[in-house]
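Student: Pasting in a structure now, in structure tokens, and then I'll have a few things to ask.
The values are calculated or read from the model by the stated rules, or taken from the named source; none is laboratory data. Note that the structure is predicted; figures quoted are calculated from it, not measured. Reconstructed Cβ throughout: ideal geometry from the backbone, glycine too, with neighbour counts over all protein chains shown. The accessibility values were calculated without ligands, DNA or RNA, using every heavy atom of the protein model including side chains. Shrake-Rupley method; radii C 1.70, N 1.55, O 1.52, S 1.80 Å.
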Amino acid sequence: MNLLEKLDAVAAARIAMLPEGIGAFGVPIEEVYSATEARIGDRRVLLLGTNNYLGLSFAPECIEAAHHALDAEGTGTTGSRMANGSYQGHRALEQEFADFYGCSAGIVFTTGYQANLGTISGLVGHGDTVLIDSDSHASIYDGCILSGAEIIRFKHNDTVDMEKRLRRLGDRTESTLIIIEGIYSMLGDQAPLAEIVNLKNKYSCTLLLDEAHSLGVLGETGQGLVEITGLQKEVDFITGTFSKSLCSIGGFCVSNHSQLDQLRYVSHPYIFTASPSPATIASARAALVLLREGKDLRKKLWQNCTQLYAYLNEAGYKLGPEPSPIIAAVLDNPKQALRIWQSLLENNIYVNLILPPAAPDGKSLIRCSVNAAHTTEQITYVGDIFSKLQDQIIEK
Ligand code: PMP
């Protein structure tokens, strides 16, 4: 089989998964009306599949800041931070992230994906080890592959399995990086950070926490899992993205270790790519201010999360273990998931469809992302539709 035929085979397998010819992936959004509504085809839909957790995508403060940056600094930096792309806004945002987390320094990357790639591949290399949760995001897996370190996975959120693997490593734990996430993107569950910190200290490892989905969502000021657990000082490196609660694009890493700065000189995903545009940095900076002050937004977000989780739970869906802005209905097979996904769209609700191998344990997921801008009426409507669809599944 030549290279092109191999791609044909993969395409055929993908099409076979969508037997009714449903275009469930890469659905084009024709027009966006607000943080909760858009047009798909000729339908005005309720957006329940975005990572816009605080609903800030149309915040006037962010739009105004982005306009101002466009006018003042142009559309793009046209170069990397190392060459010609390090602007005042990048440095200001680095300082603002460091201050936000009470850390000595921060680095801004072009995407959240690159923040993980750059941080991981800068910290570990050949001869080192990464110990990662089996449900880790692709950016963590790819960062580990890029680094050349040995990759060891532990069972999702299972600290007993994690310790078994640490014991086996013997002296090598000192050159081991443990990587976890604040909220996991498939089932919306949180890492058991306190137990993991104990193990990290017991075995003298280094700990990296990706707060991509927990930034803005957890904690009094929205720092994430580190804040609700009070463990800011115990985590060595925190990464995250601007593309979710901050409604921009870019990523960051903060730390109290002075060695953080050295990543700028060794991380290819930092060095060999253009820096974020002035407008994306400006809107992220404005959003970070709103996020820090966003106690009321978080309150509303959590009301929505608990309300929808309760609806789906009562309707008999199998869900992740706790309410969260990510609420995933776990289904046994892709056909069931497809049917629900399509029926939701027919009822003007857009959610994410996640099929194997992207979903864990061979399951299929209907993943809803709740945000602070959803109204109680919208959440009630979604809950009612899900209840009706559950009846359909049972009958078939
Ligand atoms: N980390 C996690 C846990 C993520 O879910 C994502 C994106 N879904 C990223 C990193 C990458 O962020 P970005 O999309 O901003 O590149």
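Student: Based on this model, can you work out whether Leu288 counts as farther than 29 Å from Ala372 by Cβ and open to solvent by less than 10 Å² (accessible area, probe 1.4 Å)?
Tutor: No, not satisfied.
Student: Which of the residues that make up segment 163-194 are closer than 14 Å to Thr206 by Cα, within 24 Å of the chain's Cα centre (by Cα) and assigned to a helix (DSSP H, G or I)?
Tutor: Leu193
Student: Could I ask something else about it? For segment 129-166, which residues satisfy the criterion of being away from the ligand (no atom under 11 Å from the Cβ) and charged (D, E, K, R)?
Tutor: Glu150, Arg153, Lys155, Asp158, Asp161, Glu163, Lys164, Arg165
Student: What is the residue count in segment 210-234 for residues that are assigned to a loop (DSSP other than H, G, I, E, B) and in contact with a strand residue (DSSP E or B) (Cβ under 6 Å, 6 or more places away or on another chain)?
Tutor: Number satisfying all stated conditions: 5.
Student: Now for a different question. So Trp302 clears everything in (1) more than 22 Å from the chain's Cα centre (by Cα); (2) under 24 Å from Glu37 (Cβ atoms); (3) modelled with pLDDT of 95 or more except one condition, right? Which one?
Tutor: Checking Trp302 against (1) more than 22 Å from the chain's Cα centre (by Cα); (2) under 24 Å from Glu37 (Cβ atoms); (3) modelled with pLDDT of 95 or more, the one that fails is (1).
Student: In segment 235-254, how many residues are open to solvent by less than 10 Å² (accessible area, probe 1.4 Å) and in a loop (DSSP other than H, G, I, E, B)?
Tutor: 4
Student: If I go through segment 343-374 residue by residue, how many of them are in contact (Cβ under 8 Å) with a residue 24 or more places away in the chain and surrounded by fewer than 16 Cβ atoms within 10 Å (Cβ to Cβ)?
Tutor: Final tally of qualifying residues: 1.
Student: Here's another thing I want to ask about it. Report whether or not Glu195 is modelled with pLDDT of 95 or more, closer than 30 Å to Tyr317 by Cα, of a type in the set (Asp, Glu) and away from the ligand (no atom under 16 Å from the Cβ).
Tutor: Yes.
Student: Among the listed residues Arg292, Arg264, which satisfies the condition of being under 14 Å from Leu215 (Cβ atoms) and charged (D, E, K, R)?
Tutor: Arg292
Student: Then there is this: Give the residue, chosen from Val235, Val254, that is within 16 Å of the ligand (Cβ to nearest atom) and closer than 12 Å to Val108 by Cβ.
Tutor: Matching residue, one of Val235, Val254: Val254.
Student: Which ones in segment 68-110 are at positive phi and open to solvent by 70 Å² or more (accessible area, probe 1.4 Å)?
Tutor: Residue satisfying the conditions is Thr78 alone.
Student: Out of all the residues in segment 111-128, which are over 15 Å from the mean Cα position of the chain (by Cα) and within 14 Å of the ligand (Cβ to nearest atom)?
Tutor: Listed by number, the residues that qualify are Gly118, Thr119, Ile120.
Student: Restricting to segment 196-217, name every residue that is more than 21 Å from His137 (Cα to Cα) and open to solvent by 20 Å² or more (accessible area, probe 1.4 Å).
Tutor: Asn198, Asn201, Lys202, Tyr203, Ser204
Conditions (1) among the aliphatic types (A, V, I, L, M); (2) assigned by TED's automatic domain parsing to the domain that holds Glu94; (3) without any contact (Cβ under 8 Å) to a residue 24 or more places away in the chain, marked per residue:
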site: Gln259; (1), (2), (3): no, yes, yes
site: Leu263; (1), (2), (3): yes, yes, no
site: Thr273; (1), (2), (3): no, yes, no
site: Cys305; (1), (2), (3): no, no, no
site: Asn313; (1), (2), (3): no, no, yes
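Student: Here is a follow-up. Could you run through segment 130-158 and say how many residues are buried (at least 22 other Cβ atoms within 10 Å of the Cβ), of a type in the set (Val, Ile, Thr) and over 17 Å from Tyr270 (Cα atoms)?
Tutor: Residues in segment 130-158 being buried (at least 22 other Cβ atoms within 10 Å of the Cβ), of a type in the set (Val, Ile, Thr) and over 17 Å from Tyr270 (Cα atoms): 2 in total.
Student: Here are the criteria: (1) hydroxyl-bearing (Ser, Thr, Tyr); (2) open to solvent by 30 Å² or more (accessible area, probe 1.4 Å); (3) in contact with a strand residue (DSSP E or B) (Cβ under 9 Å, 6 or more places away or on another chain). Tell me which single one Tyr265 does not satisfy.
Tutor: (3) is the only condition that Tyr265 fails.
Student: Restricting to segment 58-100, what's the tally of residues that are basic (Lys, Arg) and either outside the structural domain of Ser255 (by TED's automatic domain parsing) or within 12 Å of Pro278 (Cα to Cα) (or both)?
Tutor: Total meeting the criteria: 1.
Student: If you don't mind, there's one more thing I want to ask. Criterion first (free of Cβ contacts under 8 Å to residues at least 12 places away in the same chain and either more than 14 Å from the ligand (Cβ to nearest atom) or in contact with a Leu (Cβ under 9 Å, 6 or more places away or on another chain) (or both)) does Asp99 satisfy it?
Tutor: Yes; evaluated as a whole, the condition is true for this residue.
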